Amino acid sequence: MKTKILIVDDDSLVVEFLKEALDVEKYELHSAHSAESALTRLRSESFELVLSDIRMGEMDGMELLTHIRELAPKTVVIMMTGFGTVETAVLAMKLGAFDFIMKPMSPESVEVRVKKAVEYIKLNRQVVALKLDSARRYSGIIGSSKLMTEIFDRIRLAAPSRATVLVGGESGSGKELIARAIHEESDRADGPFVKLNCAALNQNLIESELFGHEKGAFTGAIQARSGRFELANGGTLLLDEISEMPYETQSKLLRTLQEREIEKVGSAETVAIDVRIIASSNRNLAEAIADGSFREDLFYRLNVISIEVPPLRDRTEDIPQLVEYFVKKYSEENNREIKHVDREVFEVFKKYPWPGNVRELENTIQAAVVMSAGKTISTLDFSLDASAIRKPLANKLEFESLTLHELERQLILDRLQRFGGSKSEAARSLDVSARTIRNKLKEYSEFGDVDKMSGNGSTSAE
Ligand SMILES: Nc1ncnc2c1ncn2[C@@H]1O[C@H](COP(=O)(O)OP(=O)(O)OP(=O)(O)O)[C@@H](O)[C@H]1O
Ligand SMILES: [Mg+2]
């Protein structure tokens with residue numbers, strides 16, 4: 001696609017010169033002999049680039065420039081003049097010119113400067129396209145860190161198929177939001193999105209919730225009822241906290257996934273279903289398999305595509321955007337006019353380990369918006385557990401006086417803090433088993449160490 005350029009100069013020799021200098025293969029060249037006629041054209045058609053002289057009849061180039069900034073803010077303007085001073089150049093830039101060329105100009109220099117402007121225009125176009133794209137696709141999921149961008153790629157990859165997806169990640173990290181995005185991006189978007197929390201339900205209840213039941217199937221089953229599988233037919237079923245599903249139910253779920261049909265409780269009949277399953281868990285399923293509470297075969301069936309949502313403390317770059325989003329959301333909801341968040345707030349947020357992840361950040365902002373007296377949010381408007389703010393490991397002096405036992409204890413507590421209390425993650429980072437960590441903690445608590453230690457986060461040897 002050729003770049004559309006408007007040349008504005010009252011000197012027709014200059015116009016001819018520029019038309020010669022610029023490659024007609026790359027550019028679609030138009031001209032105007034006064035600022036007024038240029039404006040008339042700009043009102044009815046759009047140009048990507050304007051090359052304008054400064055000294056012209058009634059209206060000069062600077063005035064034209066200010067009109068263009070208002071009329072077509074995306075149009076890039078290069079000013080040219082034979083009477084240039086540093087001051088005029090500075091003024092032109094201040095008024096929003098992209099570049100400033102002194103006459104006389106050589107064909108080469110014109111070509112180079114125009115090329116630079118065109119590169120900028122193209123880049124800008126890409127950025128706009130990207131922004132539109134991400135807003136359309138992931139409305140509601142905020143984040144532009146590398147880790148979140150990778151998650152978006154995986155959502156894009158997973159969405160179109162019927163494949164089962166396993167979404168892992170700490171509490172409040174956004175698993176449900178991601179499950180919904182997969183549904184919304186899939187060709188089932190017009191179908192239902194149904195969710196069932198597998199924790200806190202016993203086997204009978206969960207099976208009747210999942211598969212439905214016939215009238216009289218058990219005491220209390222006064223009426224026949226459809227299960228979530230049926231309700232989700234043609235759409236997506238999110239099985240939340242899948243690790244907590246009773247073992248027996250896991251076998252039934254496995255069978256359903258294999259056969260693509262369900263059997264209502266109390267019925268011998270099978271019903272074909274077309275449901276995409278997304279399972280989520282904040283517990284490490286490998287651990288649940290190891291301790292015998294989760295079926296390995298079901299795990300493989302569910303884990304066709306896996307998405308691991310990183311904890312917020314590993315993507316602190318996303319915090320400012322999330323803060324902005326939640327401030328806006330809760331200001332509107334509470335009729336507040338929060339215009340500013342203190343820098344200090346971001347410094348604290350960056351160091352805080354966010355054990356409750358995005359949910360905790362959202363709640364913190366919500367409370368701050370409600371509590372703040374004016375138009376600004378400062379560190380006074382919320383309270384975070386200060387002891388949890390990450391502190392570096394003991395300084396060198398302390399380090400030198402530590403025993404091996406104390407060093408080990410300190411390292412474990414430090415890791416636990418970093419991972420928001422997650423023993424499995426702390427264990428992984430130290431390359432030991434979660435059981436080792438549990439045993440060590442038990443050992444420390446028996447000696448009364450833990451409370452003392454975790455209270456202030458730093459551990460000095462006594
Ligand atoms: N990237 C994000 N952008 C905007 N909001 C987010 C983001 N991640 C999470 N949230 C918000 O944080 C809250 C928690 O998210 P969600 O319910 O998806 O977490 P979860 O991982 O399912 O948590 P749990 O394990 O406790 O069920 C929700 O209000 C959600 O809208
Ligand atoms: Mg959830």
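All of the numbers you see were taken from the coordinates with simple rules; none came from a lab. No experiment lies behind these values; they were computed from the predicted model shown. Neighbour counts are summed over all protein chains in view; Cβ atoms, including those assigned to glycine, are modelled from backbone coordinates with ideal geometry.
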*asked:* Using a Cα-Cα cut-off of under 27 Å, which lysines could be cross-linked to Lys440, ignoring same-chain neighbours fewer than 8 residues away?
replied: Lys351, Lys391, Lys396, Lys423, Lys452
_Taking Asp9, Asp381, Asp314 and counting other C-beta atoms within 10 Å, the order from fewest to most_ = Asp314, Asp381, Asp9
*Mind checking the angle between helix 404-418 and the chain's longest principal axis? C-alpha axes, 0 to 90 degrees, to the nearest 10.*
60
*Among the lysines, which fall within straight-line cross-link reach of Lys103, defined as a Cα-Cα distance under 25 Å, with same-chain neighbours fewer than 8 residues apart omitted?*
Lys4, Lys19, Lys26, Lys94, Lys115, Lys116
_Built amide H within the under 5 Å cut-off of Asn197, gap 5+_ = Asp240
*Using θ = phi - 60° and the Karplus relation 6.51 cos²θ - 1.76 cosθ + 1.60, list the HN-Hα couplings for region 34-47 in order, rounded to whole Hz, with x at every Gly or Pro.*
8, 4, 4, 5, 4, 4, 4, 5, 5, 6, 10, 9, 10, 10
*Convex hull of region 10-58 built on C-alpha atoms - directionally averaged projected area, nm²*: 3.6
*Would you pull out the residues with amide H under 5 Å of Ile377's amide H, same chain only if 5 or more places away, H placed 1.01 Å from N?*
His340, Val341, Asp342
*Whole-Å semi-axes of the chain's equivalent ellipsoid, largest first, each the root of 5 times a Cα gyration tensor eigenvalue?*
59, 34, 20
*For the chain, what proportion of DSSP beta bridges, expressed in % and rounded to the nearest 5, is antiparallel?*
10
*Which ³J(HN,Hα) values in Hz, rounded to whole numbers, follow from the phi angles of region 109-116 under the Karplus curve 6.51 cos²θ - 1.76 cosθ + 1.60, where θ = phi - 60° and Gly and Pro get x?*
5, 4, 4, 4, 5, 5, 4, 4
*What 222 nm value per residue comes from the helices of the chain, counting each DSSP H run with n ≥ 4 as -39,500 (n - 2.57) and dividing by all residues, nearest 500 deg cm²/dmol?*
-14500 deg cm²/dmol
_If amide hydrogens are placed 1.01 Å from N in the peptide plane, which non-local residues have theirs closer than 5 Å to the one on Ile7?_
His30, Ser31, Ala32, Leu51
*asked:* Let's test this: bin the Cα-Cα distances of region 64-120 at 10 Å from zero up to the farthest pair and state each bin's percent.
replied: 22, 52, 25, 0
*Inverting the mean 1/r over all pairs of different Cα atoms, compute the Kirkwood radius of region 146-308 and quote it in Å.*
16.1
*If you take the charge dipole of the chain about its Cα centre, with +1 on Lys and Arg Cβ and -1 on Asp and Glu Cβ, which of Leu71, Pro355, Ala117 is farthest toward its positive end?*
Pro355
_Using a Cα-Cα cut-off of under 14 Å, which aspartates and glutamates could be cross-linked to Lys350, ignoring same-chain neighbours fewer than 8 residues away?_
Asp314, Glu317, Asp318, Asp342, Glu360, Asp385
*Can you list the trypsin sites (Lys or Arg not before Pro) in region 147-209 that are in a DSSP coil and have 16 or fewer other beta carbons within 10 angstrom?*
Arg162
